[in-house]
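Every read-out reported here was derived from the displayed coordinates using simple, explicitly stated rules and does not represent laboratory data. The shown structure was predicted, so the numbers you read here are calculated from the model rather than taken from an experiment. Positions of Cβ are generated from backbone atoms using ideal geometry, with glycine treated the same way; all protein chains shown enter the neighbour counts.
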Amino acid sequence: MTKPPVILIVGPTAVGKTELALRLAEEMQGEIVSVDSRLFYRGMDIGTAKPSTEEMARVPHHMIDIVNPDETLSLAVFQQMAQEIIAGIHERGRLPFLVGGTGQYIRAVTQGWSPPEVTPNDALRSVLEHLAETHGKEWLYAKLARLDPQAAQAIDLRNVRRTIRALEVIFTTGKKFSAQRGSGDSPYHLITIGLTRPRAELYQRVDERIDKMFADGFVNEVKDLLEQGYAPTLPSMSAIGYRECVSVAQGSMTVEQAKVEMRRITRVFVRRQSNWFKESDPSIHWFHPASENLLNEIETLIRNSIKNGVL
C-alpha cells in the first residue's frame, strides 16, 4: 500500500523555514503542522518567533496555541495529536507540511517513535527535583550526561523537566533513555527538505531576530505572563529568552545583558540542532534559502517524488 506523503522542512533556528513553508503550502494546496516544542503555548508569541496572525491566515496552521503555559503536553500526546491532524489533512486531499526545529518531536511524529511507557514516579521525581534545587540544574544534567550521553545531547541543559524525566526512566528501567525510543519505519512517504546557511550568516540572522524580539516587546510579553500568574519556574518559561526576560523584568539583568545571553544560548542550540539533522544525511535534500529558483526546484522535487514514489 502506498504511504501518504508528508513534507518535512527542517533546519536551524532563524534559517528561514517559516517563509519557505508558507510559500510551498500556498502553491501546493498544503497545510502546516508545527513540530516545535514551544509554539504550542498560548501567549508565548514573540520569544518563540511564532508565525504572525497574517502568516497563519495565508494557509491553515496546526499544533500552535493549543495549551496554556502552565499545562504540560507530553511527547506521546503531541505525537498522537500531530498524527491525527496529518490524517485529517490527507482526508481533505491536501498536503501536510511539517515545520520545526525540535528534533525529538519531529522524529516522534515522522519515524514512529514510541516514547518510553514508564509510569511517573512522584517520589523519585521529588528527589531529583530536590537535587536540582540544592546542587543546580548543571549538576543534574552532568549526571545524565555520564549515564546516557546520547540522551543528554538531545536535551537542553536548562530544561530540568526533561532531564528529570530521562533520569526517571533510566532509574526505573535500568536502561538508557536514548535506547528506549522504539523507532520503526515511517508511516509516511517522507520528503525532507533541509535549509542551511553558512554559520556566520546564520548567527547574524539570529542576532537580528533577537534585536527584533526586544523591539517588538519581548520583555512586556513576559511581564504580561507573570502578571497572569504564570510562575517563572514553569517548564514553558525555560524557553530561550524567557528566563532572561524574567531577570530583566525583576531588575537583575539589563536588556543588553539579556541579549548577550540569548545570543550565546541560541548558538549552542543551533549546534545541537545540527546533531539531529546533518548535512551529510542522504535522506535530506539541502538548499540555501537564497538560491535562485528555490521554490520551483523544491516544488518540482516534491511533485516528482510523490509521483514516482521515491524519496
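To test your reading of the geometry: what angle, between 0 and 90 degrees and rounded to tens, separates the Cα axis of helix 17-27 from the longest principal axis of the chain?
That works out to roughly 30 degrees.
Please report the net charge: other residues with Cβ closer than 14 Å to the Cβ of GLU279, K and R +1, D and E -1.
Neighbourhood net charge equals +3.
Working from Cα positions, state the angle (0 to 90°, nearest 10) between the long axis of helix 199-215 and the longest principal axis of the chain.
Once rounded, one gets 70 degrees.
Go from 0 up to the bin containing the longest alpha carbon distance in the chain, width 10 Å each, and give me the % of pairs per bin.
The calculated distribution, bin by bin, is 5, 25, 35, 25, 9, 1, 0.
For n ≥ 4 DSSP H runs only, could you compute -39500 (n - 2.57) per run for the chain, divide by its residues and tell me the 222 nm figure to the nearest 500?
Values: 13 runs with 158 residues, N = 311.
Estimated from H runs of four or more residues: -16000 deg cm²/dmol.
Using the Cα gyration tensor of region 1-77, with a ≥ b ≥ c the square roots of its eigenvalues, what is the shape: rounded (a/c below 1.5), prolate (a/b larger than b/c) or oblate (neither)?
In terms of gyration-tensor shape, oblate.
Give me the net charge for the shell around GLY43: Cβ to Cβ below 13 angstrom, other residues only, Lys and Arg +1, Asp and Glu -1. Before the final figure, lay out the partial values.
Details: positive: ARG38, ARG42, LYS50, LYS223; negative: ASP45, ASP65, ASP70, GLU71, GLU221, ASP224, GLU227.
My count for the surroundings of GLY43 gives -3.
Rounded if a/c is under 1.5, else prolate if a/b is larger than b/c, else oblate: which is region 145-227, with a ≥ b ≥ c the root eigenvalues of its Cα gyration tensor?
oblate
Amide H of HIS189: which non-local residues (sequence gap of 5 or more, or other chain) have their own amide H closer than 5 Å, using H built in the peptide plane?
Correct list: VAL6.
Normalised by the number of residues in region 122-179, what is the relative contact order in percent for Cα pairs under 8 Å and 6+ residues apart?
32 percent
Taking the Cα centre as origin and putting +1 on Lys and Arg beta-carbons and -1 on Asp and Glu beta-carbons, what dipole magnitude results for region 122-179, to the nearest 20 debye?
That gives region 122-179 a dipole magnitude of about 160 debye.
Quick one: 3J(HN,Hα) in Hz for region 121-136, Karplus 6.51/-1.76/1.60 with θ = phi - 60°, rounded, Gly and Pro as x.
10, 4, 5, 5, 4, 4, 4, 5, 5, 5, 5, 5, 6, 7, 9, x
Specify which residue in the list THR163, MET213, HIS90 is farthest towards the positive end of the charge dipole of the chain, using unit charges on the beta carbon of Lys, Arg (+1) and Asp, Glu (-1), about the Cα centre.
THR163
What do you get for the angle between helix 75-91 and the principal long axis of the chain? Use alpha-carbon atoms, 0 to 90 degrees, nearest ten.
The two axes meet at around 20 degrees.
Of LYS50/LYS223; LYS137/LYS278; LYS137/LYS223; LYS143/LYS175, which sit over 20 Å apart, Cα to Cα?
Beyond 20 Å between Cα atoms: LYS137/LYS278; LYS137/LYS223.
Report the one residue of THR196, ALA49, GLY136 whose Cα lies farthest in the direction of the positive end of the charge dipole of the chain (charges on C-beta: Lys and Arg +1, Asp and Glu -1; origin at the Cα centre).
Result: GLY136.
Just the projected area, averaged over all directions, of the convex hull on the alpha carbon atoms of region 1-141: how many nm²?
Numbers: hull surface 42.2 nm².
The number I arrive at for region 1-141 is 10.6 nm².
Have a look at VAL33, THR2, ILE66 and report the one farthest towards the positive end of the charge dipole of the chain, computed about the Cα centre with Cβ charges (Lys/Arg +1, Asp/Glu -1).
THR2
Give the value in nm², to one decimal: projected area of the alpha carbon convex hull of region 89-240, averaged over all directions.
That works out to 13.1 nm², a quarter of the Cα hull's surface.
Under 9 Å from the Cβ of GLU244, count the other residues' Cβ atoms, weight Lys and Arg +1, Asp and Glu -1, and hand me the total.
Details: positive: ARG243, LYS259; negative: GLU261.
Net of charged neighbours comes to +1.
Using only the Cα atoms of region 178-311, each taken as one equal point scatterer with no solvent, compute I(q) by the Debye sum, divide by I(0), and report log10 of the ratio at q = 0.21 Å⁻¹.
Results for region 178-311 at q = 0.21 Å⁻¹ read -1.17.
Which residues' amide hydrogens lie under 5 Å from the amide hydrogen of LEU95, considering only partners 5 or more residues apart or on another chain, with H built in the peptide plane?
GLY30, GLU31
Quick check: Cα centre of region 35-104 to Cα centre of region 207-230, how many Å?
21 Å
So, with +1 on the Cβ of K and R and -1 on the Cβ of D and E, and no other charges, what is the size of the charge dipole of the chain about its Cα centre, to the nearest 20 debye?
It comes to approximately 960 debye.
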